[in-house]
1. Once you charge only the Cβ atoms, +1 for Lys and Arg and -1 for Asp and Glu, what is the size of the charge dipole of the range 229-291 about its Cα centre, to the nearest 20 debye?
2. For the range 91-186, take every pair of Cα atoms, bin their distances at 5 Å starting from 0, and report each bin as a whole percent.
3. Using a cut-off of 11 Å between beta-carbons, work out the net charge of the residues near Tyr228 (Lys and Arg +1, Asp and Glu -1, Tyr228 not included).
4. Output ³J(HN,Hα) for the range 122-128: one whole-Hz value per residue in order, computed from phi by the Karplus curve 6.51 cos²θ - 1.76 cosθ + 1.60 with θ = phi - 60°, and x for Gly and Pro.
5. Whole-Hz Karplus ³J(HN,Hα) for the range 257-274, in order, using 6.51 cos²θ - 1.76 cosθ + 1.60 and θ = phi - 60°, x for Gly and Pro?
6. Go through Lys64/Lys338; Lys168/Lys274; Lys274/Lys386; Lys129/Lys344 and tell me which ones have a Cα-Cα distance over 31 Å in this structure.
7. With a sphere of radius 15 Å drawn around the Cβ of Ala260, what net charge do the other residues whose Cβ falls strictly inside it have (Lys, Arg +1; Asp, Glu -1)?
8. Which far-off residues, 5 or more places away or on another chain, put their amide H under 5 Å from the one on Tyr157, with H placed in the peptide plane?
Amino acid sequence: MKHAICALLVLSIFTAACSETTPSQNAITEYPLSENNENQETPATYKESQNPLKELFLEIEYNKPQDNFAQEIVMSSDVPQSVADEWVEIQTSLNSIIGSYNRYIMLITTTNEYSQEVFDRLSEVGWEKELSIVDGHLIGAGCLTGSRTHSNPPDPYNLCIMNYEFIKWPHETKQANESVAVRKAIIYHGWAHEYFHRYQTAHTLDRDLGTSKDCCGLRNPVESPAWYVEGAAIIFPDLWLRHYWKDFSAFEGLSFEDVAVEGMELDRVFAQTKREMNGLEPESRCDAFTADEEMRDTARCNWGIFIAYLAYLTSYQTIWVSIMEDINTLGFDGSFEKHVGMTKEEAYRSYNNFMKLENSFASSQPPEGFFPEGPITDYVNFLSIKSGS
């Protein structure tokens, strides 16, 4: 049995429902698009249509922030309900800033024995890989991955599939015996990073986010370089968690130093990047930011700081919203040049001059105002985006 919980309910209701589950309990929690689809098993699929591909994406409101909680979480039955409540808390924060985009499902697995609910939902959304967990991992799982993106016609879903053990002990935190706060901060940062990718793909619509040099036969890609796709999704959670960490219940009573992970200490990351580009870090291979950063397999430099530099020259509204607004119609290069006022190559030269020639051996601290302070909504209006026209 699936428990549908209306997304418009306040978080206190979610908290009241929170309890640790046993393997015999159902740990699936779904947050539907509206109260009227409470018993709906699978969202409507789209059959052959005379509409152009782009219009199909517009029809399913793929690029339109919803007025309610439009995402789902599906978990193995032995995952505590508190994990779903925690994810809802984080996702609610992201929705209030970026917007609530549909067709995004968080799936958390454990073992084959307890993961049938996850398998069922994956089957419903067209997951084509084997539904089997081997050595703790669902075959083909990833975050972010998807299903039916290139079916005919497309019926796209963005899927973040994680195993519960990773959520408890992300990356090498078990070996380092990191605190619970640090581990949670790493997971929250990752959830924000992946949901930002959902925002990005929303506005490429019928075109794929990436370049024609990327793998896997992308459909009419917008030619967005890796430094933009990933860099924008790196600096966002850095700025988000740096400001909003104190809003989250897991960090109550803690200090910034207790939870500072990933790139939250942005001044330190800036200084490290500047040292690398000036040859002061012997092990660094980043001596200049070039076209090599456009591909993941040739990249050497910090993409997040480059994005921050572009936003410093223009604004985060320009880098996160305006470029994405026109990326479907103009492609990345056209939209970048329109809104930033320079070509990619000119941007590389400008950044290299800034990091290497301008006071390269003086203060390693960023100039005043380089990293904005305060709520992201004070300097970016994500909900103003009007893509697809």
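Where a number appears in this text, it was derived from the coordinates with a stated rule and is not lab data. No experiment lies behind these values; they were computed from the predicted model shown. As a convention, Cβ positions derive from the backbone with ideal geometry for all residues, glycine included, and neighbour counts pool all protein chains shown.
1. Details: 6 positive and 13 negative charges, 37 e Å.
Once rounded to the nearest 20, the dipole reads 180 debye.
2. 3, 12, 19, 20, 17, 16, 9, 3, 1, 0
3. Value of the local net charge: -4.
4. Values, residue by residue: 4, 4, 4, 9, x, 4, 9 Hz.
5. Working through the residues one at a time gives 4, 5, 10, 5, 9, 6, x, 4, 7, 5, 4, 5, 5, 4, 4, 4, 5, 5 Hz.
6. Where the Cα-Cα span goes over 31 Å, the pairs concerned are Lys168/Lys274; Lys274/Lys386; Lys129/Lys344.
7. So the surrounding residues net to -2.
8. Sorted by chain and number, the residues that satisfy this are Ser147, Thr149.
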